[in-house]
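Below is one structure, written out as structure tokens; the observations come after it.
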Amino acid sequence: MARKTSKRSTGASPKTTENASGAVVLLAGGNPQMAKADGDAPVQAYISAMPGWKSDVGRRLDDLIVRTVPNVRKAVRWNSPWYGVEGEGWFLSYHVFTRYVRVTFVNGAALSPVPPGSGKDRDARWADIYEGELDEEQMATWVWQAAALPGWRGFDKL
């Protein structure tokens, strides 16, 4: 049976779902199950719970985003970290899958070059990062461009 621990981003740790042994529950594909929360602490908890090499990718992505976008806002929604700019909205999220980490840009169709992944949303684009394949230079370019565009304002008033 899962037990929940509640901690907030105001200095305490975020709420996570843990199994009886205290390990964070991993959903299909190895994505950590994390409760909705705002701030750096829940994002760091998510990154720490990412399995294997994916946790290193999460740390590298988070560091890159923070370096590229001063004063970036962070949150966890739908078991994924989100990054945004105050007054502009959310511009990026990422999610763990079995073989890769998917970085989704809310308005990725406007980026140059356009990230390779696409789906039903005509604006969103993504890049799948496989083990050992994070191109930090290209990712920083996309992050910088994405943060300069109006973002998504769907889950709060960012």
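The values are calculated or read from the model by the stated rules, or taken from the named source; none is laboratory data. What you see is a predicted model; the values in this text were computed from it and never measured. Cβ atoms come from the backbone with ideal geometry, glycine included; neighbour counts cover every protein chain shown. The accessibility values were calculated without ligands, DNA or RNA, using every heavy atom of the protein model including side chains. Shrake-Rupley method; radii C 1.70, N 1.55, O 1.52, S 1.80 Å.
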Name every residue in the range 36-53 that is without any contact (Cβ under 8 Å) to a residue 60 or more places away in the chain, of a type outside the set (S, T, N, Q) and in a helix (DSSP H, G or I), in order of residue number.
40, 41, 42, 43, 45, 46, 47, 49
Every listed condition ((1) under 12 Å from residue 92 (Cα atoms); (2) outside any helix (DSSP H, G or I); (3) modelled with pLDDT of 95 or more; (4) open to solvent by 50 Å² or more (accessible area, probe 1.4 Å)) holds for residue 127 save (4)
Flagged pairs (Cβ under 8 angstrom, 6 or more apart or on separate chains; first in the range 70-86, in contact (Cβ under 8 Å) with a residue 24 or more places away in the chain and more than 10 Å from residue 37 (Cβ to Cβ); second polar (S, T, N, Q) and outside any strand (DSSP E or B)) are 79/31; 79/33; 80/31; 85/71; 86/71
Flag if residue 52 is exposed (fewer than 13 other Cβ atoms within 10 Å of the Cβ) and at pLDDT 95 or above
yes
When you go through 90, 82, 142 one by one, which is the residue that is outside any strand (DSSP E or B) and open to solvent by less than 50 Å² (accessible area, probe 1.4 Å)?
142
